[in-house]
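Notes follow the structure.
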Amino acid sequence: VAGAARQAVSAVVRTAFRVTLLLVGQALLLVLQLVVPAGAPVWAAAGVVWTALFACAEYLDPPLARRGGSFAEVRRVLARRTALALGFGLAVTVLLWVPLLNLFLLPLAVVAGTLLHRSLVSAGTLS
């Protein structure tokens, strides 16, 4: 029981950290839009990129957490394999925008994140 409680607390803390990171990024993007006169197009593009990276982190973190990995490993993947992270994140984000379809695709996104994790481990990008 103590192990399950420890895992639950760890999951809540990791999720709170990810959500805080998302909100801080979105707040910085909002400042960009408000301060820079022509910031709207930049904000739109940067918002899509930020959301895609967040989506990749969101679905890559659970398999890492199960294996005892840290969120720092997720950040390393996002930095080292940015194109892969953006592609995965954009695909997940776009598919989850579709109403009703997103209900069925959410579990698929979790599976896809696990498969991405396994392929990164096989490639030696993750330990």
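One line per residue, one yes/no per condition, for (1) open to solvent by less than 40 Å² (accessible area, probe 1.4 Å); (2) at pLDDT below 90; (3) over 16 Å from the mean Cα position of the chain (by Cα):
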site	(1), (2), (3)
37	no, yes, yes
49	no, no, no
52	yes, no, no
59	yes, no, no
70	no, yes, no
79	no, no, no
91	no, no, no
106	no, yes, no
Please verify whether the stretch 61-73 includes one or more residues that are in contact (Cβ under 8 Å) with a residue 12 or more places away in the chain, assigned to a helix (DSSP H, G or I) and farther than 27 Å from residue 115 by Cα.
-> no
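Among the β-branched types (Val, Ile, Thr), under 23 Å from residue 23 (Cα atoms) and open to solvent by 40 Å² or more (accessible area, probe 1.4 Å): which single residue out of 110, 74 fits that description?
On the way: 74 fails: open to solvent by 40 Å² or more (accessible area, probe 1.4 Å).
The conditions single out 110.
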Looking at the stretch 34-46, is at least one residue under 18 Å from residue 106 (Cα atoms) and either out of contact with any Asp or Glu (no Cβ under 7 Å at 6 or more places or on another chain) or of a type in the set (A, V, I, L, M) (or both)?
-> no
Please specify each residue of the stretch 115-124 satisfying the condition of being surrounded by fewer than 16 Cβ atoms within 10 Å (Cβ to Cβ) and in a helix (DSSP H, G or I).
-> 115, 118, 119, 121, 122, 123
Residue that is most open to solvent (accessible area, probe 1.4 Å) [pool: residues in the stretch 17-27 that are closer than 25 Å to residue 113 by Cβ and more than 13 Å from the chain's Cα centre (by Cα)] = 24
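The values are calculated or read from the model by the stated rules, or taken from the named source; none is laboratory data. Since the model is a prediction, treat every value here as computed from it, not as a measurement. Don't worry about glycine lacking a Cβ; one is built from the backbone with ideal geometry, like all the others, and counts go over all protein chains shown. All accessible areas refer to the heavy atoms of the entire protein, side chains included, with ligands and DNA or RNA removed. Shrake-Rupley method; radii C 1.70, N 1.55, O 1.52, S 1.80 Å.
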